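To keep things clear, I will list the structure first and then write my remarks on it.
The values are calculated or read from the model by the stated rules, or taken from the named source; none is laboratory data. Bear in mind the structure is a predicted one, so any value in this text is a computation, not a measurement. Positions of Cβ are backbone-derived with ideal geometry, glycine not excepted, and every protein chain shown enters the neighbour counts. The protein model used for the area step is the full one, side chains on, heavy atoms only, and it has no ligands, DNA or RNA in it. Shrake-Rupley method; radii C 1.70, N 1.55, O 1.52, S 1.80 Å.
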Amino acid sequence: MSHSDLFVPLIIHAKYNNKWGHAVDCGIHHGSYSALFAELFDIVTSIDAIVHPQAMENLSRFDNVNIVTQCLFSTTGDYMTFYEVGSDAALNTLDVDFLKHNDHDPSSIVEHTLTTARLDDIFDTPIDYLKTDLEGSDADVISGAVDLIDRYRPTVITDPDPKIARLLSTL
């Protein structure tokens with residue numbers, strides 16, 4: 001996703017949802033989207049399995065941003081391999097197939113065993129905007145947020161995936 005990819009969803013959010021209390025940014029990479037959200041929303045929760053120093057630096061100037069280090073998935077309490085691509089934080093993923101489709105130096109990949117959590121188990125307060133950019137794991141994370149999405153009806157921005165569209169259409 002690029003910054004321009006977020007402007008149309010934010011305009012749609014303003015027109016049809018227009019709640020600016022709490023944004024959740026899943027897959028923060030270097031924190032640039034969370035920084036944009038911090039200018040618009042009262043509270044921003046920025047979540048990534050591995051929070052990089054550049055994200056911490058970029059977001060440290062915002063009092064309304066909470067950074068959470070958590071490996072998101074459709075289940076809570078499972079141990080999974082998370083692949084950190086040293087050359088590009090934007091390629092970090094749980095999805096090994098995603099790595100096969102991107103050019104990178106295989107020697108730069110570091111495997112981490114992390115414990116998973118569902119968004120449904122993390123939040124019990126309203127959210128108004130949910131963005132995921134999880135390099136192939138978006139559908140899994142969204143399936144772990146069905147109760148949250150059904151209860152609070154946030155604007156959901158994610159990578160295009162027919163599985164996600166089918167899942168959200170049932171709510």
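Annotations
- Whole-number percent relative contact order across region 83-171, with pairs defined as alpha carbons under 8 Å at least 6 apart: 29
- Gaussian network model of the chain, springs between alpha carbon atoms under 10 Å - residue of I127, I11, I142 with greatest fluctuation: I11
- What the Cβ-Cβ distance of E57 and N17 gives, at R0 = 30 Å and to the nearest 0.05, is a FRET efficiency of 0.45.
- Distance between the modelled labels on K163 and D97, one decimal in nanometres: 0.7 nm (7 Å Cα→Cβ projection).
- Radius of gyration, Dmax [region 72-164; alpha carbons; angstrom]: 14.1, 43
- Of D147, D120, D42, the residue with the largest accessible area leads and the full order is D42, D147, D120 (1.4 Å probe).
- The chain: relative contact order as a whole-number percent, Cα under 8 Å and 6+ apart: 22
- Computed over protein heavy atoms with a 1.4 Å probe, the carbon and sulfur contribution to the accessible area of region 39-102 reaches 47%.
- Between region 97-130 and region 22-74, the alpha-carbon center distance in angstrom: 13
- Calculated on the Cα set of the chain, radius of gyration then Dmax: 15.3, 46 Å.
- Amide N of region 63-77 lying under 13 Å from the label point, which is placed 7 angstrom from the Cα of T125 along Cα→Cβ: 64-67
- Whole-number percent relative contact order across region 1-64, with pairs defined as alpha carbons under 8 Å at least 6 apart: 32
- Label-to-label distance, D150 versus S108, with points set 7 angstrom from Cα along the beta-carbon direction: 4.2 nm.
- D161 accessible area, 1.4 Å probe, all protein chains in place, Å² to nearest 10: 50
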